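Trainee: Below is the structure I would like to discuss, written out as structure tokens.
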Amino acid sequence: MGKIGRIERLPLKRQLMLTFVWIMLLSLLCSIVTIGCGVWWLSNSSWIQPANAYENQLPEIAKYIRIQHADIMKPEARQGLENRIPSEGIRYQVADLDGVPLYGTLPGRIIGNRTALIDTLNKTVSADASFGFGGRFIKIVPVTSYAGDLKGAVLLQYKLEVSGKNQTGFNWIQLLIILIFIVSPFLYIALFTYLFAAKTGKRIARPVHELIEASRRIRDRDLDFTIRYMADNELGLLTESFENMRSELKDSLLREWKLEQERRDMMDAIAHDFRTPMTVIQGNVELLADAPELTRDKAEAHLKVIEDNIQRVNRLIQDVQIASEKDMEYFPLRVERVRLHAFLQDKEREIRYMCSAHRTECDFRYEDLSPDGSSDVYIDVQRVGQVLDNLISNSLRYLPGTGGWLGVCVKRQAKYLEFEVCDNGPGFKARELPRLFDKFYKGDKGQSGLGLYTAKVIAEKHGGSIQAMNRQEGGACVAFTVRMDASEANHVDF
């Protein structure tokens, strides 16, 4: 879109007022120039006579009459007189001393008596008005004898108006020129109205077309554009409101899309976490079915493992319900009082079972470094167990078929629980370490790209952190911490 001019930025009312003023001024100026040029052209035209063209011929005619003296009154002098009087524009009448017409082209008696004749000698009197701009006048030229006695007069009637050289009075050329002069202001008004209306229409069409194009793109679900028309007028306010609507709509849709993506991620993470408890349950059920001779204590221990994993499955089902809600809270925590030793014994039993299923050596250690020696902690035991399961299942997936080793070390500090899961697998590649906990990062053999990301979220919601590194002996280690004190647990956002 081109640059917006200064006038285009004005309010529409002011633009229309300026347009009207410009139309009137230009029309007036052009009309004045047209009329001026027309007058100049008429005055210099070879086929248009000025208004006083016939009047200028009267001195020569009067001179001829004086030279002829009384002989001009004889009928034989008529031809000579008419040779000097133009047939168009001037009419004449030769009258005696009493005003009686002798001959001529003027019909009727003009002078009533001798006194009237004497009073009008050498004068120009008005005759009748014509249809032109001027009129008709009569010049009375005295006729004397050779002795100087007054014998009569010659009346010369002429018209004082613009006319064609070969026309008389009011003709079509005059009508056409006069009509052009009269109509020219209206023609200029119509012309400039059309030109300015076209220009104004283009100015208005620019934002209108942009709004139409924006509506089409929104209809096609394309919101990646910007309306650039900016002006301090009604159209500018309209486009600005439309742009704000587009921006808000885009933000709203992005929020919806993000929420939907998070919901899908949650479902993927839950589906990823379903495998571990189901595997444990299946393994213990098969063990109970294949070993009916187990003592009651051992059977109850296996049943306890099954019960704990069923609770984990129930928790994951609740997560599915949360994920189906529109305003879901991603990984909400349920902090509760937990007996740490009992929790770790159960996890050790599960981990050793999974390692035995993969023919992997398991090393599980616990160190209590807290000053109070209390056995109770405040954590979301299901979420912490979920992190351990994710890390252990990842390690088991990368261990070699034979000679695999997995170690789990848990340390209790004053306010933190520290967990470390290590293995003797291939370890992490240097380029993978900075991105291991990014959402959807799968690496070379990754699955959903959500396991480590989920672990990171849970650790951070517990007020802790998580990190990954490679062992000097070979293999990988992932360590995370969670706060376990009641005061911090009460401040967890869940």
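The values are calculated or read from the model by the stated rules, or taken from the named source; none is laboratory data. These numbers come from a predicted model, not from an experiment. Note that each Cβ is placed from the backbone with ideal geometry, even for glycine, and that neighbours are counted across all protein chains shown.
Trainee: Can you tell which of ARG275, ARG217, ARG246, ARG263 is at negative phi, part of a helix (DSSP H, G or I), without any contact (Cβ under 8 Å) to a residue 12 or more places away in the chain and among the charged types (D, E, K, R)?
Mentor: Values: ARG275 fails: without any contact (Cβ under 8 Å) to a residue 12 or more places away in the chain; ARG246 fails: without any contact (Cβ under 8 Å) to a residue 12 or more places away in the chain; ARG263 fails: without any contact (Cβ under 8 Å) to a residue 12 or more places away in the chain.
Matching residue, one of ARG275, ARG217, ARG246, ARG263: ARG217.
Trainee: Being surrounded by fewer than 22 Cβ atoms within 10 Å (Cβ to Cβ) and either at positive phi or at pLDDT 85 or above (or both) is the filter here; which residues of the range 371-381 pass it?
Mentor: Narrowing the range 371-381 to residues surrounded by fewer than 22 Cβ atoms within 10 Å (Cβ to Cβ): 371-376, 378.
Those that are surrounded by fewer than 22 Cβ atoms within 10 Å (Cβ to Cβ) and either at positive phi or at pLDDT 85 or above (or both): GLY373, ASP376, TYR378.
Trainee: Please return the ranges of strands (runs of 3 or more DSSP E) entirely within the range 59-145 where 3 or more residues are at pLDDT below 90, touching a Cys at 6+ places or on another chain (Cβ under 7 Å) and surrounded by 16 or more Cβ atoms within 10 Å (Cβ to Cβ). Give the derivation first.
Mentor: Working: elements: 90-96, 101-104, 124-126, 135-144.
Fully inside the range 59-145 and qualifying: nothing.
Trainee: Can ASP319 be described as out of contact with any Lys or Arg (no Cβ under 7 Å at 6 or more places or on another chain), at pLDDT below 85 and within 30 Å of GLN261 (Cα to Cα)?
Mentor: Values: out of contact with any Lys or Arg (no Cβ under 7 Å at 6 or more places or on another chain): yes; at pLDDT below 85: yes; within 30 Å of GLN261 (Cα to Cα): yes.
So ASP319 passes the test.
Trainee: Of the residues LEU452, LEU396, which is at pLDDT below 85 and either farther than 25 Å from VAL280 by Cβ or of a type outside the set (S, T, N, Q) (or both)?
Mentor: Numbers: LEU396 fails: at pLDDT below 85.
Of LEU452, LEU396, the one residue that is at pLDDT below 85 and either farther than 25 Å from VAL280 by Cβ or of a type outside the set (S, T, N, Q) (or both) is LEU452.
Trainee: Which condition does ARG275 not pass, out of (1) more than 36 Å from the chain's Cα centre (by Cα); (2) modelled with pLDDT of 80 or more; (3) among the basic types (Lys, Arg), if it passes all the others?
Mentor: That leaves (2) as the condition not met.
Trainee: Just one of the numbered conditions (1) modelled with pLDDT of 80 or more; (2) surrounded by fewer than 12 Cβ atoms within 10 Å (Cβ to Cβ); (3) of a type in the set (Gly, Ala, Ser) is not true of SER184; which one?
Mentor: Status for SER184: all satisfied but (2).
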